[in-house]
Each structure stands twice: as structure tokens, then as C-alpha cells.
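A quick write-up on the structure given underneath.
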Amino acid sequence: MADAAFANSSTRVLDPDGKLVGPLPAFARDPGELVRLYRALVLTRTFDTKAIALQRTGRLGTYASSLGQEAVSVGTAAAMQPTDVLLPSFREHGGQLWRGVTLKELFLFWGGDERGNDFAGPRADFPNCLPVGSHAPHAVGVALAFRLRGERRAAVCVIGDGATSKGDVAEAMNMAGVWKVPAVFVINNNGWAISVPLAKQTAAVTLAQKAVAAGIPGEQVDGNDVIAVRSVVEQALARARQGDGPTLIEAVTYRLCDHTTADDASRYRDDGEVSRHWPAEPLVRLRNFLTQSGIWDKSKEEALLQECRRAVEQAADDYLATPPQPPAAMFENVYADPSADLIEQRDAAMSRAQGGT
Amino acid sequence: MTELSLVQAINAALKRAMQEDAGVVILGEDVGVDGGVFRATDGLMQLYGGQRVLDTPIAEAAIAGVSIGLAAQGFHPVAEIQFSGFAYSCIDQLLNHASRLRTRTRGRLSCPMVLRMPAGGGIKAVEHHSESPDAMFAHIPGLKVVVPSSPTRAYGLLLSAIRGSDPVVFLEPTRLYRAAREEVSDDGAGLPLGRCLVLRPGRDVTIVSWGAMIKEAIEAAEVLATEDVGAEIIDVATLKPLDSATILDSVARTGRLVIVHEAPMTCGYGAEIAARVAGRGLTSLLAPIERVTGFDTMMPYPRTEPHYMPNVGDVLTAARRSMAYT
């Protein structure tokens, strides 16, 4: 019998202070690329702040913040090609923005409007998946489609730590392993599934080791180190494109926010724990590295913050100025062609909306 | 023209669909080398290879989920769930994803997939192999639900389901798989979804059914004919979306309605049909609507199964009661 390998590697390029602790991958030797990553992190956090403010003032629906986890999402998306397909969970605002989903589309989605999923940019990307982990099999299907067509594309599925307890995820990773499809599963391990800490989620020492049972490579990465995340996802994607099959990547980060705006984490989580994790958050880390490398300074920082705030404010204004869809929109796209029942119900809904009976 | 059983007609339709569209991919448990436990996919792997006919691990949720990913990428997956009793772990995928991918992306992505499965009782199968979950699927917006009742109709309906643009749950009556053969013209002609089929015209009472129970309905109609009662037989064929016009039109002429289905009574699909007729055809009704259904029990083990299944006598009793009502 062959021995199973249980040792997972763990990658970190920058330590929490932004000091180089590992070899810089090729992309990170280009200062422009590093600034681009930093901008994406800052834009994501600026969006996050605005989204919470809008929710608190009744102008956005329940919103899932990505505070502290921006590097997982941005690093993952930055590793992808535009022709790859992202299958996000629901904290991938940063990755979605990187891939060309607009700020306005994000506001529309979280504001309760399906048009937020009609991405003008990445047309083949999946919308957010709220039923936890249930999108993992879709990634296998998308990846299988690429292989059947002989395309050098890959599917990237982001799930949370809680999703690793779901059967869908186990089924998907197992099937991906059997068929060696070009799929990469990225776990945003932020330590908490609403009120359930990782220790109550699984007895497994790491989440990356769940790859062992699926017969696929699994590894950990510092999820607060955007350079490391991008690097390991790039390598996994390169293997996928070569026909070497799927990879599971556990990006270890921390949820500095509540689960969503409907949650109050103080009910189950010690504030001290949150404070202890703040020094490791991803933005300061990269900023320190950029500053130490002479690429960044205060004035550039101020200009970037202003630029991001302007873009977010503009998008929020655009979203707020967008009227809701008419009632007829409910009945569109249920089927390619509406059934007789739907046409009748649509007419009734429109009549009611127009004050008829 | 060849004489085919229903399962052979399914096989012929699958073969035809794979031949005409390279995007048609078959996946499921034992569908490849083994050709499916009922042989519905027999020979397809040999013809089209392991890339397009995929034996899957035992993972029903992922079979449905992988199909969604393929469909979103423009393929037309036809997935087999080995028995409808194993389809319940697909409900999350069907309800939360397949059915609504088009709506929630405003048409950017869609899900043209078919989930085939044997359903229904009468074959003395072990537990979990004989239920009729039709109404449960029909309750899900965005899904289409199709139940064939003969080899010819299975062939045409399955082709249309595969060629369509929306997710279809295709429930194949296990009892009919090998029950009878008929001439099936493998000409690639689809039978449109969303239309009830009037299988036998009649002036006195409308009997509405679908799937395997069509057999009991027709046998009852033949007995009723000897009593000078003309029973019109309507095969619903597509439960979702429902063609209620054909049923209402028939009841407008006959004034009497008997609905026959194998699934339990409460919240069964017969309730939907009864409600439609009560809502839109009440003034045509000359008698209360009759429902002949399975009981609100578990589907019993095979030794008791005959006591569960509605039979010709039940249909006759209901039709005669309806005729006698004044």
C-alpha cells in the first residue's frame, strides 16, 4: 500500500511587518504589479466601508464584509487569466473587482438587485453562492467543460472554512481528483463560520489536508500575504493548465469583521482575539513592504485613498440612482420562453403595480 | 421503424442527441461501461467515448452540480440519477442553482441540463426505489418536469428536453421500461414540452393522468366504452409548465374530471389540476372532481405494494361515481 502524505506545505513571502521572509515570485519583482495589488486591496476595503455605511443607513441589504480577508480574494483573482472562471462564495468582492465586476454591480447585488449579477466584465464568472459550498461541484463542471473543449482555462472556486464540512465540497474535490480537471479550490479560512470557530468545525489539524482524501495536492498559504496567495494560486493554475489536475489551497486569514451586518460577533467572540489579529492584516503588510522598498510614500497613499473613495462614492451614487426593476422583470428569465402561466401572472403583477386589481 | 421498449426509446433518443450535438454529455453512476442499471445508456460509451459518457463516483449532489457547471459553459449535460429515491440530495442543486441560474444572472448564464431518473412503483423493487416525486420537482420555479408514458412519447419528449434551454427533470416510469414495445420512428422528431396530449377522445368524462398510470386510465376507458361512457384520456406529459388549456377545454366538453396519479394524495400534482379546474372550469363541472391517487403513506415494501398502487378498478369506481352524480 502506498503511504498517504499528510505534510502540507505553507507559503509566506511577507511577514506581518512587511519584511521579506521568502523568495519574491516573478510578478512581485515588478513594482507596478505590486502597486496594482495594493490598489485592489485598498479599493476593496474602501468599498467595504461604504457598503457597511449604506447598510447601517438603510440603503443596502445585509452585507458580508471582507475586512481582513481582502488578500485571499485579490491574490486569487490576480493569479487568474481573464478567460478563467471564478466561482465565488460571498466575500470575494476584491477578486470580483479585480476581474472586472464593477463597484456598481457589487452595490446592486448587495442592494437586492439581480442586475448586480449580470457582470459586464467577466461574463462566464458565477454569481455569489450563499448556500455554503454548494458551488464547488459547479467548478468541477466548468473545469470539465474546459477540458472537453481542449481549452487551457481553469475554474477557481473560493469557499469558506465552514464549507469544508459540507458534503458538496467533499464530492466536488473527489470528483475533480478522479477526473483530474483544471480546477483550483481556495479556502478562505477566516477562522469563524458565523459563531462557530474552526476547532468546532473540524478535528482536522489543517483544512489543506482534506485534499489528501481526494488524492489531490493541498497546501496552506498565509492568506494575509497577497503576494504569497497569488503565487501559490498561480502555481496551482499552471498545474491545472498542464493537465495535472486540481489543487486545494487553504488561505489562512482572520475575519476582523462580523459575519455580516446582521451579525454581532461580540455575542460569541472575544474582542481581545480580534485585536490580536489586527497586526497581521493584509493592507499594512504590503504597504510596509512597498514603503521599505521605496515604491510607496505618504502622498501616494493619500492620492490612492482619494481615488478609491471617489470611485466608490460615484458607484454608490450610481447604484442609489438606479430605479428598481419593474415587476415584469421577475417573470423574465424564469425560462428562456415564458410559460402561459408566467405570462398571465406577469400581467397580473403589472396590473397590480399600476394600481389595478 | 423499429419496435422499441421505453428504455430502448430513451437509448435511441440519447444516441440521436449525442450524434446531432457534440455538446451533449452523459454522466451518472454506471452509465458508461455498464450502460446504466436499466441499460438506458447502453452502448453510448462505446460509440462516443469516455469523454462524453462519464461514469461518476457515487455523489448525486455533485452529479447535478457538475451538470450545472457544464451547462453554464454551453454544454447540454444529460445526467442520470440511478433511482429517484437517490435524487433528494440533488434538490439543493436543482432548487438553489439549476432552476435559478438564468433568473439571478438576468440571462447571462443558463442551465440547459436534463436530469433523468426512473420513478414510480410496480416493479417490486426494494425500498427507496418506487416513489413518485413528481409534484416535489414541479413545485420548483424554473424547472421543467416531464413524464413520458410510452416509448414514442419518451423518445420525442427526451429529445425536446435535451434540445431545450432550461433544466428539465425527466421522470421515467420504471414500470414501463420494458412493459411494452411499439414502433418508434428514430427520425429525430421532438415532441414539444408544455403540451398535454389527448390520447383518446371522449364526450362524457375526462381522465387526466401521466406516466405509468396512463395504462390504467386507458384500460378503464375501454371498460367504460362498453358501458357507453366516452372517457377522454389526457396525458399531461409535461407537469411543469402545465398546459391547463387542454384540460380546461376537455372538462368544458365533458363536465366530469377524474385525476389519476401514483404519488400520495396530499399536495400531489392532482391537487394542482383540481384547483385549476375548480378555479376556471367550475361552471362546466357536472360532478365533484375525483382524485385516484396513492395513499398518504410510505411506499410500502413490495409484498404490500399492490395495495398501495391505484388500479383500473379505482379509476372505474371514480369515473362511475362521477357519471352517477346528478
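Each value in this text was obtained by applying a stated rule to the coordinates, not by laboratory testing. Every value quoted in this text rests on a predicted model; they were computed, and no experiment measured them. Note that each Cβ is placed from the backbone with ideal geometry, even for glycine, and that neighbours are counted across all protein chains shown.
The table that follows gives values for the structure above.
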quantity	calculated
Candidates A:212, A:178, A:156, A:184, filtered to the one that is at negative phi and free of Cβ contacts under 8 Å to residues at least 40 places away in the same chain	A:178
Hey, residue B:127 more than 14 Å from chain A (Cβ to nearest Cβ), among the charged types (D, E, K, R), farther than 26 Å from residue B:317 by Cα and not in a loop (DSSP other than H, G, I, E, B) or not	no
Complete set of residues in segment A:248-276 that are touching a residue at least 24 places away in the same chain (Cβ under 8 Å), surrounded by fewer than 24 Cβ atoms within 10 Å (Cβ to Cβ) and not in a helix (DSSP H, G or I)	A:254, A:256, A:257, A:258, A:259, A:260, A:261, A:262, A:263, A:268, A:269
Residue A:86 being under 23 Å from residue A:131 (Cα atoms), touching a residue at least 60 places away in the same chain (Cβ under 8 Å) and not in a helix (DSSP H, G or I)	yes
Condition broken by residue A:171, with the remaining ones in (1) farther than 16 Å from residue A:247 by Cα; (2) at the interface with chain B (Cβ under 8 Å from one of its Cβ atoms); (3) in a helix (DSSP H, G or I) satisfied	(1)
Of the criteria (1) loosely packed, with under 14 Cβ neighbours inside 10 Å; (2) without any contact (Cβ under 8 Å) to a residue 60 or more places away in the chain; (3) away from chain B (no Cβ under 14 Å), which one residue A:326 fails	(3)
Per-region count, segment A:132-150, residues in contact (Cβ under 8 Å) with a residue 24 or more places away in the chain and either outside any helix (DSSP H, G or I) or at the interface with another protein chain (Cβ under 7 Å from one of its Cβ atoms) (or both)	10
Flag if residue A:154 is closer than 21 Å to residue A:233 by Cα and at the interface with chain B (Cβ under 8 Å from one of its Cβ atoms)	no
Matching residues in segment B:44-90 - criterion: being crowded, with 19+ Cβ neighbours inside 10 Å and charged (D, E, K, R)	B:52, B:60, B:80
Residue identified as closer than 30 Å to residue A:320 by Cα and either touching a Ser or Thr at 6+ places or on another chain (Cβ under 6 Å) or not hydrophobic (A, V, I, L, M, F, W, C) (or both) among A:48, A:30, A:17	A:48
Among residues of segment B:64-100, those that are assigned to a helix (DSSP H, G or I) and either farther than 22 Å from residue B:165 by Cβ or more than 8 Å from chain A (Cβ to nearest Cβ) (or both), counted	12
Subset of segment B:130-174 [within 13 Å of chain A (Cβ to nearest Cβ), in a helix (DSSP H, G or I) and within 11 Å of the chain's Cα centre (by Cα)]	B:138
Subset of segment B:272-302 that is within 17 Å of residue B:205 (Cα to Cα) and among the small types (Gly, Ala, Ser) - its residue that is surrounded by the most Cβ atoms within 10 Å (Cβ to Cβ)	B:281
